[in-house]
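Bear in mind these aren't lab numbers, they're just calculated from the coordinates by the rules spelled out. These figures come from a predicted structure and were not determined experimentally. Heads up, the Cβs are rebuilt from the backbone with ideal geometry, glycines too, and the neighbour counts pull from every protein chain shown.
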Amino acid sequence: MSILSDFLLNPWFILSLIFWVIVLILVYLLRNKKGATYLFFPLLVMFKTRKLNNFLKRISRRAPKFWKVFWTIGIFISFGFTIYAFYFFFTNFVNLIFNPRPEQAIIPLIPGVTLPLPFFFYLILPLLFILTTHEFAHGISAGADGIDVKSTGVLGAGLFYIIGFGAFVEVDERELNSSKIHRNTRLRIAAAGTYINGITAGIAFLLILSYPFFISPYYRQVSQVYELLTEDEGGFNYGNLSTGDVILALKHKGDLDNNYVYINEFKKITLTTILTNVTSLQVSVGDNLTLKIYDPSLDIEKEKNITLGPRYYLGIRYDYIPNGTEIRIYKIFSESEDGNNYDKNLIEGMMINKINGISINKTNGDTIERVLTNFNLLTLNLSTDTETFILDVDTLGVVIGIYSNLY
């Protein structure tokens with residue numbers, strides 16, 4: 001009993017049942033129109049009409065020379081698609097046999113089984129559009145070459161869990177296959193559907209690529225915190241912000257809300273341009289700012305206060321040895337590279353074990369980044385086992401102490 005109830009209550013079976021109820025109603029309503037319906041219950045149904053014939057004929061006869069050139073190009077495009085399809089399926093088939101990978105698995109698209117029903121419903125309108133343009137292409141191509149279109153229509157199938165639909169253009173097959181009709185005419189008509197599908201796919205691809213441009217007047221891209229630096233890592237606002245915070249706008253703490261400067265990547269108002277004083281908000285080291293934050297996890301907006309720290313420049317690049325007790329200087333910027341410590345007798349590859357007289361120990365938090373969180377730093381002492389070097393420290397701007405990406 002449970003198997004039968006599961007079968008009858010399956011959403012896809014219910015949709016199939018609804019499909020046939022609608023079909024039977026339409027068949028009944030069209031019972032007096034000869035040739036309008038063809039019913040093969042419960043396998044297939046066809047609805048035919050001549051009402052679109054004149055429409056297709058008007059389009060095809062409006063510029064027959066253009067259409068012939070247009071559909072002739074389609075012959076070559078369609079053959080190109082066919083060659084690529086054979087290549088694509090053959091190479092994937094070979095790889096599936098000799099070098100199988102999960103992404104090469106062949107999975108049939110079965111609505112309700114391998115394709116979720118909600119997702120399938122999103123595909124219905126695009127599928128109807130593709131089918132309609134595909135069949136209209138056959139009809140217009142036939143009309144441009146003087147072949148009569150006998151009827152147009154739709155067909156559908158709804159058996160248990162299987163529901164399918166399609167469209168068709170019925171041309172005069174006797175006329176099309178007669179010796180009077182040139183082979184190119186038949187090729188143009190046959191290739192028209194695939195050709196127009198390719199054009200539709202190309203237009204859809206361009207629309208997808210340009211989607212950000214079209215929505216940019218209505219949306220803006222902002223910055224989201226994906227890593228928050230601790231003080232040992234050179235951060236200034238650990239505890240003030242949280243990972244995942246979306247930064248919408250900034251202002252000086254205590255200012256009115258109309259002084260907020262809103263981030264908008266499309267308008268080149270970014271976190272970087274704000275912190276480098278390119279916008280109306282002018283900032284400096286030690287300033288306290290209020291950030292308008294969006295919390296995606298709670299779907300709420302809130303305000304958080306931060307302090308801007310100095311962004312120092314030493315003119316060197318370094319990394320820590322594995323145990324974190326020394327740093328190795330691997331790059332010293334020259335004068336032509338705007339270095340500020342090229343004349344301090346530093347050597348690339350030099351190992352530094354003390355900063356301002358304190359032994360480096362990354363595990364304990366005694367890092368060069370922690371030292372660089374001090375405000376108003378002018379010099380920095382770096383020591384090896386035998387000598388000490390006094391480096392100039394330049395302040396280039398401000399930092400928050402976060403890593404962010406677009407949201």
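Descriptive notes on the structure:
- Translational diffusion of the stretch 329-407, estimated by Stokes-Einstein from the Kirkwood radius over alpha carbon pairs at 20 °C in a medium of 1.002 mPa s, is 149 µm² per second.
- Residue order, fewest to most surrounding Cβ atoms within 10 angstrom, among Y122, Y407: Y122, Y407
- A crude spin-label estimate for the pair L128 and F98, with each label 7 Å from Cα along the Cβ direction, gives 4.7 nm.
- The stretch 258-378: equivalent-ellipsoid semi-axes (sqrt of 5 x gyration tensor eigenvalues, Cα, Å): 36, 20, 14
- Cut-off 15 Å between beta-carbons: net charge of the residues surrounding I327, Lys and Arg +1, Asp and Glu -1: -2
- Kirkwood estimate for the stretch 166-248, i.e. one over the average of 1/r between Cα atoms, Å: 19.1 Å
- Taking the centroid of alpha carbons for each part, the stretch 374-401 and the stretch 204-273 are 30 Å apart.
- Links that overshoot a 18 Å alpha carbon limit, given the list K51/K180; K251/K304; K253/K292; K268/K304; K48/K68; K34/K150: K51/K180; K268/K304; K48/K68
- Neighbour-count ranking [beta-carbon atoms within 10 angstrom, fewest first] of W67, W20: W20, W67
- Residue (of P212, G80, P64) at the positive-pole extreme of the chain, dipole from beta-carbon charges: P64
- Rg(Cα)/(2.2 N^0.38 Å) for the chain, N = residue count: 1.62
- The ellipsoid equivalent to the alpha-carbon distribution of the stretch 2-209 has semi-axes of 33, 28, 15 angstrom, derived from the gyration tensor eigenvalues as √(5λ) and listed largest first.
- The stretch 10-52-the stretch 287-331 distance, computed between alpha-carbon centres (Å): 66 Å
- Among H138, H252, H182, the order by Cβ neighbours within 10 angstrom, fewest to most, reads H182, H252, H138.
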